[in-house]
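The values are calculated or read from the model by the stated rules, or taken from the named source; none is laboratory data. In this text, all values refer to a predicted model and were calculated from it rather than measured experimentally. For the accessible areas, the whole protein counts, side chains as well, though only heavy atoms, and no ligand, DNA or RNA atoms are used. Shrake-Rupley method; radii C 1.70, N 1.55, O 1.52, S 1.80 Å.
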Amino acid sequence: NLNSGTSASSSTFWRGDGAWVAAGGITNAQGFILTDDRAITGSGYFTLDWAVDSGGGVSTYANKGTLVSESTGTFSMSSTGYYFISYTVNSNFTVVGSQDTGTWDILGTSNNSTYASISQGWESYDYGEHRTNCTTLNVLFNCNDTSNDKVRFGYGEGNGHDGITVYGNATTPRTSATFIRLGDSE
């Protein structure tokens with residue numbers, strides 16, 4: 001009932017069950033970039049050179065909120081909720097042999113210990129030359145526990161590769177990660 005002592009504001013709306021609730025919308029959107037080129041071998045995740053994306057000085061670029069933090073390549077959310085996560089990798093494969101393969105991964109954990117691939121991209125080349133690519137992975141991530149639910153951005157070795165350079169730059173996003181909090185966990 002509208003006269004039940006509750007009040008409207010610019011950030012609430014009247015729901016069908018008779019309650020005033022916060023208006024929806026995206027409350028957090030953050031970007032991170034890899035700030036330096038990385039030569040990789042084997043499998044692992046990027047532990048160094050992550051920074052909050054400043055948009056290269058473009059005045060229309062802005063992060064919204066600060067719910068996501070990074071420490072040694074591990075990204076933690078300070079608020080539970082559903083997150084859309086995007087990971088873009090710009091890379092160059094040095095192909096010398098007959099076949100080079102590699103993977104890009106968004107790695108997730110629900111126990112702050114054991115990480116598994118929750119989204120993966122695969123690249124394979126059968127001839128000798130340098131191959132420069134851009135790969136983007138996306139995943140929906142439900143963070144129910146801010147102490148244990150975390151993500152990392154990784155790479156793997158399929159059948160082997162002769163060398164991969166992942167491109168990073170402090171002002172131009174070449175390899176990046178984006179977190180958008182879509183709403184509350186249910």
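For this structure, a couple of remarks:
- Matching entry among ILE40, ILE33, ILE26 (being within 14 Å of PRO173 (Cα to Cα) and modelled with pLDDT of 80 or more): ILE33
- Restricting the search to strands (runs of 3 or more DSSP E) fully inside the range 49-157 and requiring at least 2 residues that are at pLDDT 95 or above gives 68-71, 74-77, 81-94, 100-109, 116-125, 130-143, 150-157.
- Top-ranked residue of the range 158-186 - restricted to ones that are at pLDDT below 90 and among the polar types (S, T, N, Q), ranked as most open to solvent (accessible area, probe 1.4 Å): ASN159
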